[in-house]
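The structure appears right after this line, and notes come after that.
Nothing in this text is a laboratory measurement; each read-out follows from the coordinates by a stated rule. Worth saying up front: this structure is predicted, and the values here are computed from it rather than measured. Cβ coordinates were reconstructed from backbone atoms using ideal geometry, including for glycine residues, and neighbour counts include every protein chain displayed.
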Amino acid sequence: MREAAEPAIPALAAALADERPEVREWAALALGKIGRASEPELAKALDNDWEPLRVAAVTAFRQFRAESP
């Protein structure tokens, strides 16, 4: 299922720069659900000035660790 969502990565990555903070936050969380293929985009979010987006990116990275075998 995650592989099926990978085509959404570019749109979600663009949403990380949306003017609405809630869109940026939800985009980061959605990228985390996709998995490691979204890692480069989430890494960029860690440098964002808006703290809730950085927290969402860290939460997404934690999902990777929790789901690793």
- Please name whichever of TRP26, PRO7, ALA37 sits farthest to the positive end of the charge dipole of the chain, dipole taken about the Cα centre and charges placed at Cβ: Lys and Arg +1, Asp and Glu -1. ALA37
- Query: About its Cα centre, what dipole magnitude does the chain give when the only charges are +1 on Lys and Arg Cβ and -1 on Asp and Glu Cβ, stated in debye to the nearest 20?
  - Reply: 260
- Message: Students often get this wrong: which residues of the range 17-32 have the backbone nitrogen under 11 Å from the point 7 angstrom along Cα-to-C-beta of ASP49?
- Response: none
- Note on the structure: Dividing the mean separation of Cα pairs under 8 Å (6+ apart) by the residue count of the chain yields a relative contact order in percent of 30
